[in-house]
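To start, the structure under review is shown below, and the notes come after it.
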């Protein structure tokens with residue numbers, strides 16, 4: 001099959017990272033917009049949660065797609081990191097980055113932070129395992145009581161900063177990895193990535209900030 | 001001007017290397033970086049010491065021989081310049097300059113600052129030939145090339161194969177080099193018949209040489225003495241996926257094997 005040499009090539013692994021990354025970008029955008037309903041009161045966001053759960057199999061299809069995307073994304077990242085490490089066994093005594101962004105240089109560690117956050121977040125807000133007073137179905141109650149614990153809220157905010165950086169590089173570079181970016185005199189300009197990264201990071205961060213500030217209670 | 005050079009010295013491919021400090025007084029600000037090394041080497045030879053080995057040829061930025069990491073930057077601090085086009089006036093007197101060879105598993109050190117960059121030649125070889133009739137000169141403009149395609153192909157063809165893209169890439173990727181070579185022929189009518197086969201085999205060879213992958217850091221574009229844009233990499237990626245998806249089975253098998 002033609003996709004086997006693709007999978008084995010470094011370009012193919014990057015294509016996998018780009019496609020799975022974009023799937024997850026779609027998810028976080030929808031998730032962020034859904035969360036903002038917390039500002040419209042408990043009835044609104046709890047009804048939204050009930051609607052999502054009422055979709056039954058569809059919810060599990062979405063979860064499966066996301067899980068597969070996460071696994072493929074991490075699998076390709078680990079393989080590529082190994083290849084890159086092996087490509088330069090002896091490091092430079094001195095190296096000065098010229099144009100690479102902080103975001104691009106923190107993709108690996110930022111990704112590790114995001115995995116840790118996702119695991120915690122699911123145990124916190126989905127299963128309630130690590131939540132102080134989890135009530136199934138009462139999303140509003142769960143997020144207010146869960147994020148009132150300030151170290152947890154700080155962790156959420158740090159994770160959203162990491163997510164913003166990850167998206168700032170990932171959204172832009174995935175278009176180039178997939179070759180859909182058109183030639184331009186300014187290849188580092190990334191208006192779409194800036195909008196997506198800022199909107200997602202700020203949109204998510206509003207909730208813990210609002211809880212800490214007492215705007216939603 | 002006066003400098004202290006911190007130079008990587010390595011007697012041979014298998015020898016252990018290390019940094020050696022050399023004082024470099026009385027250097028003309030108008031000396032090129034290579035001329036400065038010539039002066040230092042003369043002084044070393046007069047003392048009976050082994051001169052610093054470095055590769056160089058044309059000394060006008062078109063051969064791609066000179067290659068060194070100067071203070072952590074491939075080809076030093078001047079944008080769009082090879083090492084030979086960097087002059088000592090670009091540094092401050094009293095500076096300590098760290099000079100290292102390109103670091104890549106695909107570029108083994110031969111001696112001091114000289115590396116073996118044959119891996120790049122093998123990527124070009126993997127591209128094979130294009131179908132071009134030989135014999136008498138053909139009419140000019142017999143094959144029409146759109147002006148923008150000709151310009152973009154020429155930009156890509158300006159690659160001198162110095163390897164600075166690999167040296168500057170945190171992943172040690174040769175994507176800019178390979179993509180420049182692929183774009184050069186891929187944009188021209190003469191390059192169309194073998195375009196898919198060429199793309200598949202050159203990318204396969206790039207991976208086989210153990211170069212890293214492209215993360216779009218962008219460091220290669222900044223390091224490139226010919227300022228080739230990372231746009232060529234997006235083009236290579238698109239072409240590669242399309243080539244694999246449309247290749248006939250025998251061609252795919254030949255490239256994979």
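No lab work stands behind these numbers, since they all come straight from the coordinates. What you are looking at is a predicted structure, and each value in this text was computed from that prediction instead of being measured. Glycine also receives a Cβ, built like all others from the backbone with ideal geometry; neighbour counts cover every protein chain displayed.
Arrange the following residues from fewest to most other Cβ atoms within 10 Å of their Cβ: A:2, A:150, A:172. The partial results should precede the final answer.
Working: A:2 15, A:150 11, A:172 25.
With the sparsest Cβ surroundings first, the list reads A:150, A:2, A:172.
Within the protein assembly as shown, DSSP assigns beta bridges of which about 75% are antiparallel (rounded to the nearest 5).
What share of the DSSP beta bridges in region B:3-111 is antiparallel, in percent to the nearest 5? Provide the component values of the computation, followed by the final result.
Values: 12 of 16 bridges.
Given both bridge residues lie in region B:3-111, the antiparallel proportion sits at roughly 75 percent.
The distance from the alpha carbon centre of region B:1-45 to that of region A:69-102 is 31 Å, rounded to a whole number.
Packing around the peptides A:102-109, B:22-29, taken as the average count of other Cβ atoms within 10 Å per residue, puts them in this order, highest first: A:102-109, B:22-29. Counting Cα-Cα pairs of chain B in 5 Å increments starting at 0 gives whole-percent bin shares of 1, 6, 12, 16, 16, 14, 11, 9, 7, 4, 3, 1, 0. Structural size metrics of region B:3-111, computed from C-alpha coordinates, are Rg and Dmax of 13.4, 37 Å. Counting neighbouring Cβ atoms within 10 Å and putting the fewest first, the residues B:177, A:27 line up as A:27, B:177. Counting other Cβ atoms within 10 Å as a rough exposure proxy, the listed residues B:144, A:52 run B:144, A:52 from fewest neighbours to most.
Orientation-averaged projection of the protein assembly as shown equals 29.1 nm² [convex hull of Cα atoms, one quarter of hull surface area]. Averaged over the residues of A:75-84, the number of partner chain Cβ atoms lying within 10 Å of the residue Cβ comes to 3. The mean count of C-beta atoms from other chains within 10 Å of the C-beta of residues in A:96-108, rounded to a whole number, is 5.
Based on the convex hull around the alpha carbon atoms, region B:89-169 presents an average projected area of 10.0 nm².
Sort region B:128-180 into rounded, prolate or oblate with this rule: let a ≥ b ≥ c be the square roots of the eigenvalues of the Cα gyration tensor; rounded if a/c is under 1.5, and if a/c is not under 1.5, prolate when a/b is larger than b/c, oblate otherwise. Kindly include the intermediate steps, with their values, before the conclusion.
Values: a/c = 3.63, a/b = 2.20, b/c = 1.65.
Note, shape of region B:128-180 comes out prolate.
The alpha carbon centroids of region A:193-217 and region B:185-227 are separated by 41 Å. Mean residue ellipticity, 222 nm, helices only, chain A: the sum of -39500 (n - 2.57) across DSSP H runs of n ≥ 4, divided by residue count and rounded to 500, is -24000 deg cm²/dmol. Kirkwood Rh over Cα pairs of region B:118-256 into Stokes-Einstein at 25 °C, 0.890 mPa s: D in µm²/s? In µm²/s, the coefficient rounds to 158.
Within 10 Å of each Cβ in peptide B:232-244, how many partner chain Cβ atoms are there on average? Round it to a whole number, please.
6
Using a Gaussian network model of chain B whose springs link C-alpha atoms within less than 10 Å, name the residue from B:58, B:162, B:220 with the highest mean-square fluctuation. It is B:58.
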